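The values are calculated or read from the model by the stated rules, or taken from the named source; none is laboratory data. Here the structure is a predicted model, which is why all the values come from computation and not from measurement. Positions of Cβ are generated from backbone atoms using ideal geometry, with glycine treated the same way; all protein chains shown enter the neighbour counts. Heavy atoms of the whole protein, side chains included, go into the accessibility calculation; ligands, DNA and RNA do not. Shrake-Rupley method; radii C 1.70, N 1.55, O 1.52, S 1.80 Å.
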Amino acid sequence: MRAGIGRATARLLAARGAHVVVADLNVDGAQEVADELVATHGLRRGLAVHVDVTSEDAVVEMTRRAVLEYGGIDILVASAGLATSAPITETTLEDWEQNYAVLARGYFLAARETFRVLLEQDRGGSVVFVASKNALVAGANAAAYSSAKAASLHLARCPRRGGWPRAGIRVNTVNPDAVIQGSSIWSSDWKAERASTYGVTEDELQTFYQGRTKLGVAVFPEDVAEAIAFFAGPRSAKSTGNLLNVDGGVTAAYPR
């Protein structure tokens, strides 16, 4: 949660009263965000924790640190991300497994450990997955990324069949699309690969994405953070198993 959507979400939730554990593989980036939250909102409002979400032990330790620091957990926002792009015939096994390790296994581990805490606390809670437009409609040359995001979206639906709603634990998903500003993913090879896939330059990519939306708008990290905060907070107290697209209106990704 140290860049892009994660950073914007940490800021917004802290502004609305949350104490935020900023957990990330890049602990220096996480510390920067946590320091900002403390400076803006006061002592103990932000805590940086190093975590590799693909490691069971690391996720268990992240959860333990959160409980020890703040006495419990009320909200989990699972937003760890990475992306690779290649035609399926050129997708390496390494890239395939990396996408699933972060976007499927990582979300599973974080959710499982949070569910354990929430059930023990017995006062409900909210889990929000950050999936993608690609979870509903696959992107070109992105089979590993798209299918892994679809797996995380379906994982969010599974707790509805496990008794969690009766314990007051809600699980919902936000699907962003083309959130380029401030994103570590879009600072990687992903941006060049997506531009090449769609036959535009990197500088033209934002305009391309904006042009394919029904609203003709760009989507920013703060837009996605608003949707996450809605699912995390009391205004969605009677909502679970739902998804909210924040993509400007990509018709192929309409859920109905």
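In the stretch 68-96, of all residues being in contact with a strand residue (DSSP E or B) (Cβ under 8 Å, 6 or more places away or on another chain), of a type in the set (S, T, N, Q) and surrounded by 17 or more Cβ atoms within 10 Å (Cβ to Cβ), the one that is farthest from residue 51 (Cα to Cα) corresponds to 85. Looking only at the stretch 190-220, residues that are in contact with a Ser or Thr (Cβ under 7 Å, 6 or more places away or on another chain) and free of Cβ contacts under 8 Å to residues at least 40 places away in the same chain come to 2 in all.
Within the stretch 233-246, the residues that satisfy the criterion of being open to solvent by 10 Å² or more (accessible area, probe 1.4 Å) and either charged (D, E, K, R) or in a helix (DSSP H, G or I) (or both) are 234, 235, 238. Using the structure shown, decide if residue 89 is of a type in the set (S, T, N, Q), farther than 26 Å from residue 234 by Cα and either in contact with a Gly (Cβ under 6 Å, 6 or more places away or on another chain) or without any contact (Cβ under 8 Å) to a residue 60 or more places away in the chain (or both). Against the criterion (of a type in the set (S, T, N, Q), farther than 26 Å from residue 234 by Cα and either in contact with a Gly (Cβ under 6 Å, 6 or more places away or on another chain) or without any contact (Cβ under 8 Å) to a residue 60 or more places away in the chain (or both)), residue 89 qualifies.
Okay, residues lined up against (1) open to solvent by less than 40 Å² (accessible area, probe 1.4 Å); (2) over 18 Å from the mean Cα position of the chain (by Cα); (3) modelled with pLDDT of 75 or more:
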position: 152; (1), (2), (3): yes, no, yes
position: 155; (1), (2), (3): no, no, yes
position: 161; (1), (2), (3): no, yes, no
position: 172; (1), (2), (3): yes, no, yes
position: 176; (1), (2), (3): yes, no, yes
position: 188; (1), (2), (3): no, no, no
position: 196; (1), (2), (3): no, yes, yes
position: 202; (1), (2), (3): no, yes, yes
position: 205; (1), (2), (3): yes, yes, yes
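Exactly one residue out of 44, 65, 11, 16 is on the phi > 0 side of the Ramachandran plot and open to solvent by 70 Å² or more (accessible area, probe 1.4 Å): that is 44.
Within the stretch 122-134, identify whether any single residue is open to solvent by 60 Å² or more (accessible area, probe 1.4 Å) and either in contact with a Cys (Cβ under 6 Å, 6 or more places away or on another chain) or of a type in the set (A, V, I, L, M, F, W, C) (or both), and answer yes or no. Looking for residues that are open to solvent by 60 Å² or more (accessible area, probe 1.4 Å) and either in contact with a Cys (Cβ under 6 Å, 6 or more places away or on another chain) or of a type in the set (A, V, I, L, M, F, W, C) (or both), one finds none in the stretch 122-134, hence no.
Does residue 222 count as surrounded by fewer than 18 Cβ atoms within 10 Å (Cβ to Cβ) and either modelled with pLDDT under 95 or within 24 Å of residue 87 (Cβ to Cβ) (or both)? Judged against the criteria, residue 222 is not a match.
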